[in-house]
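The values are calculated or read from the model by the stated rules, or taken from the named source; none is laboratory data. Because the structure is a prediction, the values reported are computed rather than measured. Ideal geometry is used to build each Cβ from the backbone, glycine not excepted, and the neighbour counts take in all protein chains shown. Just the protein is used for accessible areas: all its heavy atoms, side chains included, with ligands, DNA and RNA removed. Shrake-Rupley method; radii C 1.70, N 1.55, O 1.52, S 1.80 Å.
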Amino acid sequence: MALTLRSSISFINQKETKFLKASDDASTTVSFAKNKPLFPFRAKSSMQEAQKSFNLEARRSEKGEMVHAPSVVHHKHNDDSKKVPVFVMLPLDTVTFGAQLNKARAMNASLMALKSAGVEGVMVDAWWGLVEKDGPLKYNWNGYVELVQMVQMHGLKLQVVMSFHKCGGNVGDTCSIPLPPWVMEEINQNPDLVYTDRSGRRNPEYISLGCDSMPVLKGRTPLQVYADYMRSFRDRFKDYLGSVIVEIQVGMGPCGELRYPSYPESNGTWKFPGIGEFQCYDKYMIASLASAAEAVGKKEWGRSGPHDSGQYNQFPEDTGFFKREGTWNSDYGQFFLQWYSNKLLVHGESLLASSKEIFHTSGVKLSGKVAGIHWHYRSRSHAAELTAGYYNTRSNDGYLMIAKMLARHGVVFNFTCMEMKDREQPDDANCSPEGLVHQVKTATRIAGAELAGENALERYDRDAYAQVLLTSRSDSGNGLAAFTFLRLNKRLFDANNWRQLVEFVRSMSEGGRRKRLSDSDSQGSDLYVGHIKEIQKRIEQDIALV
């Protein structure tokens, strides 16, 4: 996933136009470095060279040379309230285990290109497993400091994800970043700290919310650990909050999403479009279930999760619990699903309450991400959503409760699968991403929550962009406050893909009204369309990767 670029930094100069070319790295798996770096001053020198390149371009502009940039950057809007700012996700391994910015020169060139394409900014994961890996309360933000300064230099904005989950084993994961070693030591001693399925499989992707308030991490509770981490971030980046760093997305589960890890892809455990499995079998979750059952006078309901809910890769009709007239709609089923989903809501409520207290005077927006689980959406039980913790069925609106919880804290509801169409999905999976997005838009409008979006899968085609444009509009339901595009990599800089991105950004600046970019025009946007192939022949000059 790491992006590799070779180009002249002067690519925005009309007389010496260069472009960016990317190439794959041999390996994208992150590992602990045991040896001293070959270039100990690389981070400093890369920033100096980035600043030098940036200043060089400024001087060239001042001499009167035309600067190439798509006209979207300078377009005047009749109604700025319709503009949907576009952010681009950075590679997962943007910061290394050595606390350095990965391939800083390439990043500098990429940010320059994104700025001239009209994007608002970029998004990066602030990995718990990188920052606090050396021990409890020992934080190292150095690589992120370098990134923030580079983003500021290019006049871009930054969304930062508080990523308290493991990277690796899910859709799009191209590197491995586990939880901090000292946390893994605690998990090895007490495996019930992580989510567990009915077969006893442990998932070390995220700490089980069942122990949120237990002092199980070297004397601190998980909620305290998350809060301390966010305070450290706030204190380290206080001079950038609200100006460069404009949004903090609070990670609340696997993949940073508010959900249970009900469909883990690692080791082939789950495959699309399986219904997944409930993740309530660690001792802390079972104790909570038993207590809830006793409180309603049904002690027998608290001994275990549903016995007839099937396995990861089954379909709803294969199970007694999820089938059309299954026990999901019985008194027991309603009790269990209410408890299971409420535990998730309480987890989100607790994390967002502390986040709001930590960042309330910083000027940043807070957001929370919800997964777009669109398979089996057309079934009565919505089985795949239920196992993930979303109590959304034909008779119960699970997303309205989530939207209300986010709205209470002024948190943006960030939702995925905005690029998907129903007709693209397999018939037997009963998918409806369009129906799901419509439901979420309606829920956020009713709850008064802002809605932002992401694409669930890497796509660069016109149809995907067109669908995002359609869902971004506020003609029905709730429009988008922002959109974050997945993801910065070498494919994005292919000629046709880059053209599509520039068109998309321009259209989003018009509130989702599609604007077609011509092959060549007088505003300089031909840099991104007609001249790309010629430019790519002249890329072997100034930028060399470290």
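Here are the numbers for the structure shown:
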{"read-out": "Of residues in region 235-258 being touching a Phe, Trp or Tyr at 6+ places or on another chain (Cβ under 6 Å) and assigned to a helix (DSSP H, G or I), the one nearest to Gln279 (Cα to Cα)", "value": "Pro254"}
{"read-out": "Check on Ala481, in contact with a Lys or Arg (Cβ under 7 Å, 6 or more places away or on another chain), closer than 26 Å to His360 by Cβ and aliphatic (A, V, I, L, M)", "value": "no"}
{"read-out": "Candidates Ala126, Ala117, Ala109, Ala113 - the one that is under 19 Å from Ser176 (Cα atoms), among the aliphatic types (A, V, I, L, M) and open to solvent by less than 10 Å² (accessible area, probe 1.4 Å)", "value": "Ala126"}
{"read-out": "Filter result (of a type in the set (S, T, N, Q) and either within 20 Å of Met285 (Cα to Cα) or modelled with pLDDT under 95 (or both)) within region 215-268", "value": "Thr221, Gln224, Ser262, Ser266, Asn267"}
{"read-out": "Count of residues meeting criterion [hydroxyl-bearing (Ser, Thr, Tyr) and closer than 16 Å to Val250 by Cβ] in region 335-371", "value": "5"}
{"read-out": "Filtered residues of region 301-344 (kept if assigned to a loop (DSSP other than H, G, I, E, B), among the charged types (D, E, K, R) and surrounded by fewer than 19 Cβ atoms within 10 Å (Cβ to Cβ))", "value": "Arg303, Asp308, Arg324, Glu325"}
{"read-out": "Region 259-300: number of residues that are among the hydrophobic types (A, V, I, L, M, F, W, C) and in a loop (DSSP other than H, G, I, E, B)", "value": "6"}
{"read-out": "Yes/no for Glu132 being over 27 Å from Phe504 (Cα atoms) and open to solvent by less than 10 Å² (accessible area, probe 1.4 Å)", "value": "yes"}
{"read-out": "Residue selected from region 222-239 under the condition free of Cβ contacts under 8 Å to residues at least 40 places away in the same chain, out of contact with any strand residue (DSSP E or B) (no Cβ under 6 Å at 6 or more places or on another chain) and closer than 16 Å to Glu132 by Cβ, by the criterion surrounded by the fewest Cβ atoms within 10 Å (Cβ to Cβ)", "value": "Asp235"}
{"read-out": "Candidate set from region 240-262 (those that are more than 17 Å from the chain's Cα centre (by Cα) and farther than 22 Å from His409 by Cβ); member that is surrounded by the fewest Cβ atoms within 10 Å (Cβ to Cβ)", "value": "Ser243"}
{"read-out": "Condition broken by Gly348, with the remaining ones in (1) of a type outside the set (Asp, Glu); (2) surrounded by 17 or more Cβ atoms within 10 Å (Cβ to Cβ); (3) on the phi > 0 side of the Ramachandran plot satisfied", "value": "(3)"}
{"read-out": "Near pairs, Cβ below 7 angstrom, 6+ apart or cross-chain, from region 127-154 (farther than 30 Å from Ala117 by Cα) to any residue that is open to solvent by less than 10 Å² (accessible area, probe 1.4 Å) and among the charged types (D, E, K, R)", "value": "Lys138/Glu132; Tyr139/Glu132"}
{"read-out": "Test: residue in region 394-408 that is surrounded by 24 or more Cβ atoms within 10 Å (Cβ to Cβ), within 30 Å of Lys238 (Cβ to Cβ) and modelled with pLDDT of 95 or more", "value": "yes"}
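Conditions tested, residue by residue: (1) of a type in the set (A, V, I, L, M); (2) outside any strand (DSSP E or B).
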site	(1), (2)
Phe87	no, no
Ala99	yes, yes
Asn108	no, yes
Met112	yes, yes
Val124	yes, no
Tyr139	no, yes
Val148	yes, yes
